[in-house]
Amino acid sequence: MGSHMGSHMGSHMGSHMGSHRGLLKEKRMRESLCRKFASLACALALGSSAVAETGRDSNAGRISDAILEALVEANGVPGMSATLVRNGDIVWLGSAGLRDIERALPVDADTTFRFASVSKLITATAAARLAQDGGLDLDAPVRSAVRYLPEAWPAISARQLAAHTSGIPHYQEADSERGRVRFNTTADAVGVFSGRTLLSEPGAAYNYSSYGFTLLSAVVEESAGEPFLDYAARVLLHDLDIGPDLGGDSRATIAYDFTGSGGVKPVPPHDYSYSWGGAGFRGSSRDLALFGARVLSSAIVSQATREMMWTPAMLNDGSIVMEDRDAAVGFGWRIGRDLDGARIVHHAGVTDGARSALVLYPESGDSVAVLSNARWTASIEQTAMMLAAPFRVGANSGARCPLTASRFEGRFGAETIRGAARFRLERGACRGRISAANALGAWLNSFPQRDAAELQIIAVLSDGSLTRAALVTPVGVYDLRATDDGAHAARVGANRALSIAFR
């Protein structure tokens, strides 16, 4: 690998990094001037969106803020940020916690986080856009564009790379030092894994692979005739402050990891040049949600291209590619339904110092981004949906806030659970806390993040009801719903049934 790297030193990746930093510097100067003069013309020139609020949105925003703040309290993640964009307008942007513990710097709207594997959505969309413009055949062997691939590999298509059916392996034990090396070209990065044996024949099986997206970024680069990062910035990310995690960003959060006792510590520096396209982008939750909104609005890809990306991929035997029981795999994007049956497309990410998700609702035009600055075990996509729920759930009647309740009892899986409970109304929204000293709490507290003595329950509407609520736990936020028998139920984790009644 050393000789392979040496043969490519000094080529276009190095010049690209300089040009990318220059573009960001110019954009930040324009942003600074706009903040100084508070000009509408500046805002329009930057392509930014003001937070559009109605009376309902104001109430919903307070509830989403409360859910996000409760989550940071519950899980011990130092800082998080989330944004909801609807039809191109930012309707809610929330931040909680710290981006730098030592200096006590809070997370704000401009704080940038690692995207981790949500980066794959940028790469997949770049490949799809290039195909839309006639520059890439998604079903042709990628060796026709990337001529330095090993002859021993069978033909692999861009479509198979995007659906994780190429057979290229994910990170392996030999890659434990991968974040300590700067690869100066995409070809150098592909050289890390191009000598490895495929896990299966292309198209035969689903095998998740970030390296597959390193190769997909190389396909885009060679087919477009310009560095991958430049192509993504020019075609998809213009006026969005999203780019490779190169370091030196004064607004970047410190990346943290849990120590095992609920505390956190900074993680060592990590260089993502081995897979910019698979895990290496960073930005704010605002700009990530705005990227999602661009995809929804046909601003960067056509409706036909969008639907191609959101159509389940097929294996050679004709079966649909599935990531798990709830999510099919499309062209880079995951495809599924939320708990109300609404169609969603999404992706989550995890890496050192980050947990992330982007969830899009094609029918309503909602784009929800959630970013955090620590690696934690999380139902992160469910959390994104629940942060958006105050803006999405319609008025309801039914279960009232159980203000006189002092305890609860019920079941978590096969276990009986019970404990203390208390509720109050805050600006019309029902809020409560329940004890976690039971089997539910034991399971929730078995993960590396902070243990919780209590769990918060926050109604998603400010109408005095508890028909729909956010159950805030150390591993994420779950949808707690009133049932016909007077109890409340949720699906916690992958598929654990929770049912509780307040007394």
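General remarks:
- Candidates 306, 286, 282 - the one that is among the basic types (Lys, Arg), buried (at least 19 other Cβ atoms within 10 Å of the Cβ), under 19 Å from the mean Cα position of the chain (by Cα) and assigned to a strand (DSSP E or B): 282
- Taking the listed residues 130, 84, the one that is over 23 Å from the mean Cα position of the chain (by Cα) and closer than 22 Å to residue 294 by Cβ is 130, with no other qualifying.
- The residue pairs whose first member lies in the stretch 62-79 and is farther than 16 Å from residue 374 by Cα, whose second member is in a helix (DSSP H, G or I) and modelled with pLDDT of 95 or more, and whose beta carbons are closer than 7 Å, counting only pairs six or more residues apart or on different chains, are 63/390; 64/387; 64/390; 67/386; 67/387.
- Among the residues of the stretch 190-230, those that are assigned to a helix (DSSP H, G or I) and over 22 Å from the mean Cα position of the chain (by Cα) comprise 190, 218, 219, 220, 221, 222, 223, 224, 230.
- Residue check, residue 288 modelled with pLDDT under 95 and either in contact with a helix residue (DSSP H, G or I) (Cβ under 8 Å, 6 or more places away or on another chain) or hydroxyl-bearing (Ser, Thr, Tyr) (or both): no
- Flag if residue 305 is touching a strand residue (DSSP E or B) at 6+ places or on another chain (Cβ under 9 Å) and among the polar types (S, T, N, Q): no
- With respect to the conditions (1) in contact with a Phe, Trp or Tyr (Cβ under 9 Å, 6 or more places away or on another chain); (2) hydroxyl-bearing (Ser, Thr, Tyr); (3) in contact (Cβ under 8 Å) with a residue 60 or more places away in the chain, residue 185 falls short on a single one, namely (1).
- Filtering the stretch 321-351 to residues that are assigned to a loop (DSSP other than H, G, I, E, B), surrounded by fewer than 17 Cβ atoms within 10 Å (Cβ to Cβ) and touching a strand residue (DSSP E or B) at 6+ places or on another chain (Cβ under 8 Å) leaves 326, 339, 342.
- Unmet criterion (only one of (1) in contact with a strand residue (DSSP E or B) (Cβ under 7 Å, 6 or more places away or on another chain); (2) surrounded by fewer than 21 Cβ atoms within 10 Å (Cβ to Cβ); (3) of a type in the set (Phe, Trp, Tyr)) for residue 447: (1)
- Test for residue 281: is it of a type outside the set (Gly, Ala, Ser) and either under 23 Å from residue 450 (Cα atoms) or in contact with a Cys (Cβ under 9 Å, 6 or more places away or on another chain) (or both): no
The values are calculated or read from the model by the stated rules, or taken from the named source; none is laboratory data. Everything numeric in this text was worked out from a predicted model, so none of it was measured. Virtual Cβ from ideal backbone geometry, glycine too; neighbours counted across all protein chains shown.
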